[in-house]
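K.L.:
Below is a structure I'd like to ask you about.
The values are calculated or read from the model by the stated rules, or taken from the named source; none is laboratory data. In this text the structure is predicted, and so the values were computed from the model without any measurement. Every residue, glycine as well, gets a Cβ built from its backbone with ideal geometry; the counts of neighbours run over all protein chains shown.
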Ligand SMILES: Cc1ncc(COP(=O)(O)O)c(C=O)c1O
C-alpha cells in the first residue's frame, strides 16, 4: 500500500480510503499456523480474516494420486460452483454481509462472478457484474441464472471490466469484490489442505490469471515455513497461457509488467494485466519460484486426458497446471492444482 495507512478489520473495504491502493490482511504475530486435526476448509477458520462467519460450503477438496509417479492433483472442480474461486468468495461475501452491504460489484472472466452470485444469493445480497462481451457465453448465462445478476457486458477485456466495477462500487455504495485481499486469504486454504494431505511436497504448479491464487499460495507456504509446519518451501510454479503471459514476460525479463491483449481459449486465465502481478513477482523471486507458459493445444490435450483417465471435467485453465507438469517433468512430489471445471 502506497500511504502505509493501517485499518482495523472492521474497515468496510478492501481498498485504502486514502490512496486507493489494495489493502493486505495482516495477522497477529502471535497467531501460529499449525495443521488442524480435521483437514477441511473451515478447520482453517483461525487463519482467516476476523469475521463472524456463516460457514457456507466451499473447498475441502480431494487430492487425487495420478498414474505418474509423484504427481498429485488437487481437484478444485468439486467446489459448489466448480472452481477454487469459492474459497475466496465465502470470505468476501461474509465480510460484505457483516459490514451490512446490500449489494456487491465485481469484474469477472466468468468463474468469479458465478461464484460471487452463488454466495450472494445465499446471503441475500444483490450482485452487479462487469464482464467482457467476448467472455464464455455459457458462463454468462449461468451467472444470470444463479442469482439474476445485473450483468453489464463491456467492449473490452477483464482489466477494463475491473475499472468499471471499481467505478460502479464507488458510485453506488456496493462492496467491491473480486481479486482483492479477502479472496487471497481464502485461496490459501487450498494450499493448507493439500500440504496437510501430503505433508512434504517438492513442487506446486498452479494456473495464473489475475495472480491472486499465485500470490496467496506463495504467502501460504512462506507462512507455513515460518511456523515450522513445513520443513522446506516447495517450488511454486505459476502457469500462464501463451496468449496471455504478462507475468511470465515480466518475471523472465526483469522488466515491469506490460499490459497484453489476451488471446487464448482458456477464458478463465485470459488476463492482460494481473492485479497481484507485482506482489507475485516479488514473492516468486524471494521463494525461488518460477513461471511457465502452455499453449491452448497443450491445455486441450490435458483436459481430455483428465476426463478420460480420472473422470475430472476440467476447463482449459483448470488443466493448465497438468500441461505445465508435462513440460517440466519435475522430480519428487508435485501438486498440480486443477483449478476449475467445465460449466
Ligand atoms: C478455473 C480458473 N483457474 C485459474 C484462475 C486464475 O486465478 P487467478 O485469477 O487468481 O490467477 C481462474 C480465475 O478466474 C479460474 O477461474
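K.L.:
Within region 81-90, is even one residue within 11 Å of the ligand (Cβ to nearest atom), in contact (Cβ under 8 Å) with a residue 24 or more places away in the chain and farther than 20 Å from residue 275 by Cβ?
P.N.:
yes
K.L.:
Counting only residues that are in contact with a strand residue (DSSP E or B) (Cβ under 6 Å, 6 or more places away or on another chain) and assigned to a loop (DSSP other than H, G, I, E, B), which one in region 126-155 is surrounded by the fewest Cβ atoms within 10 Å (Cβ to Cβ)?
P.N.:
133
K.L.:
Considering every residue within region 93-107, establish whether at least one is in contact (Cβ under 8 Å) with a residue 60 or more places away in the chain, over 15 Å from residue 9 (Cα atoms) and within 16 Å of the ligand (Cβ to nearest atom).
P.N.:
yes
K.L.:
For region 201-224, give me the residue count where each residue is over 15 Å from residue 247 (Cβ atoms) and in contact with a strand residue (DSSP E or B) (Cβ under 7 Å, 6 or more places away or on another chain). Spell out how you get there, then give the answer.
P.N.:
Residues of region 201-224 that are over 15 Å from residue 247 (Cβ atoms), as a first pass: 201-204, 219-224.
Now drop any that are not in contact with a strand residue (DSSP E or B) (Cβ under 7 Å, 6 or more places away or on another chain), which leaves 201-204, 221.
Count: 5.
K.L.:
Where the second residue is within 16 Å of the ligand (Cβ to nearest atom) and assigned to a loop (DSSP other than H, G, I, E, B) and the first is assigned by TED's automatic domain parsing to the domain that holds residue 284 and closer than 13 Å to residue 188 by Cβ and lies in region 216-235, which pairs have Cβ atoms under 7 Å and are six or more apart or on separate chains?
P.N.:
Partner pairs satisfying both residue conditions: 218/289.
K.L.:
Given the criterion within 13 Å of the ligand (Cβ to nearest atom) and outside the structural domain of residue 283 (by TED's automatic domain parsing), identify the matching residue among 139, 167.
P.N.:
Numbers: 167 fails: within 13 Å of the ligand (Cβ to nearest atom).
Within the list 139, 167, the selection yields 139.
K.L.:
Could you check region 303-325 and list, in sequence order, the residues that are surrounded by fewer than 24 Cβ atoms within 10 Å (Cβ to Cβ), part of a helix (DSSP H, G or I) and within 16 Å of the ligand (Cβ to nearest atom)? Walk me through how you get there before you give the answer.
P.N.:
The first filter runs over region 303-325 and keeps only residues surrounded by fewer than 24 Cβ atoms within 10 Å (Cβ to Cβ), leaving 304-305, 307-313.
Pick out the ones that are also part of a helix (DSSP H, G or I) and you get 304-305, 307-310.
Listed by number, the list holds a single entry, 307.
K.L.:
Of the residues in region 326-339, how many are over 15 Å from residue 74 (Cβ atoms) and either free of Cβ contacts under 8 Å to residues at least 40 places away in the same chain or within 13 Å of the ligand (Cβ to nearest atom) (or both)? Step through it out loud before you land on a result.
P.N.:
Step one: list which residues in region 326-339 are over 15 Å from residue 74 (Cβ atoms), which gives 326-332.
Add one more test, that the residue is either free of Cβ contacts under 8 Å to residues at least 40 places away in the same chain or within 13 Å of the ligand (Cβ to nearest atom) (or both), and what stays is 326-327, 329.
Final tally of qualifying residues: 3.
K.L.:
Checking the condition buried (at least 21 other Cβ atoms within 10 Å of the Cβ) and in contact with a strand residue (DSSP E or B) (Cβ under 6 Å, 6 or more places away or on another chain), which residue from 275, 264 passes? Lay out the reasoning, then the answer.
P.N.:
On the way: 275 fails: in contact with a strand residue (DSSP E or B) (Cβ under 6 Å, 6 or more places away or on another chain).
Selected residue: 264, the only one of 275, 264 that is buried (at least 21 other Cβ atoms within 10 Å of the Cβ) and in contact with a strand residue (DSSP E or B) (Cβ under 6 Å, 6 or more places away or on another chain).
K.L.:
Which ones in region 109-142 are in contact with a helix residue (DSSP H, G or I) (Cβ under 7 Å, 6 or more places away or on another chain) and within 19 Å of residue 155 (Cβ to Cβ)?
P.N.:
109, 110, 113, 128, 129, 130, 131, 132, 135, 136, 139
K.L.:
Would you check if residue 331 is part of a helix (DSSP H, G or I) and either within 17 Å of the chain's Cα centre (by Cα) or over 27 Å from residue 15 (Cβ atoms) (or both)? Even if it seems obvious, please write down each step before you answer.
P.N.:
Details: part of a helix (DSSP H, G or I): no; either within 17 Å of the chain's Cα centre (by Cα) or over 27 Å from residue 15 (Cβ atoms) (or both): yes.
For residue 331, the condition - part of a helix (DSSP H, G or I) and either within 17 Å of the chain's Cα centre (by Cα) or over 27 Å from residue 15 (Cβ atoms) (or both) - is not met.
K.L.:
Residue 236: modelled with pLDDT of 95 or more, assigned to a loop (DSSP other than H, G, I, E, B) and touching a strand residue (DSSP E or B) at 6+ places or on another chain (Cβ under 8 Å), yes or no? It would help to see each step written out before you state the result.
P.N.:
Details: modelled with pLDDT of 95 or more: yes; assigned to a loop (DSSP other than H, G, I, E, B): no; touching a strand residue (DSSP E or B) at 6+ places or on another chain (Cβ under 8 Å): yes.
So residue 236 does not fit the description; no.
K.L.:
Inspect all residues belonging to region 179-194 and state whether any of them is more than 23 Å from residue 23 (Cβ to Cβ) and more than 15 Å from the ligand (Cβ to nearest atom).
P.N.:
To start, the set of residues in region 179-194 that are more than 23 Å from residue 23 (Cβ to Cβ) comprises 193-194.
The next check asks that each one be more than 15 Å from the ligand (Cβ to nearest atom); those that pass are 193-194.
Looking for residues that are more than 23 Å from residue 23 (Cβ to Cβ) and more than 15 Å from the ligand (Cβ to nearest atom), one finds at least one in region 179-194, hence yes.
K.L.:
Would region 248-265 turn up any residue that is within 19 Å of the chain's Cα centre (by Cα), within 14 Å of the ligand (Cβ to nearest atom) and touching a residue at least 60 places away in the same chain (Cβ under 8 Å)?
P.N.:
yes
K.L.:
Still on this structure, please answer the following. Does region 1-47 hold any residues that are within 24 Å of residue 210 (Cβ to Cβ) and touching a helix residue (DSSP H, G or I) at 6+ places or on another chain (Cβ under 6 Å), and which are they?
P.N.:
14, 23, 24, 25, 41, 44
K.L.:
Which residues, counting only those in region 205-233, are more than 10 Å from the ligand (Cβ to nearest atom) and in contact with a helix residue (DSSP H, G or I) (Cβ under 6 Å, 6 or more places away or on another chain)? Steps first, please.
P.N.:
So the first thing to find is which residues in region 205-233 are more than 10 Å from the ligand (Cβ to nearest atom), and the list is 205, 218-233.
Passing the criteria: 205, 218, 220, 230, 233.
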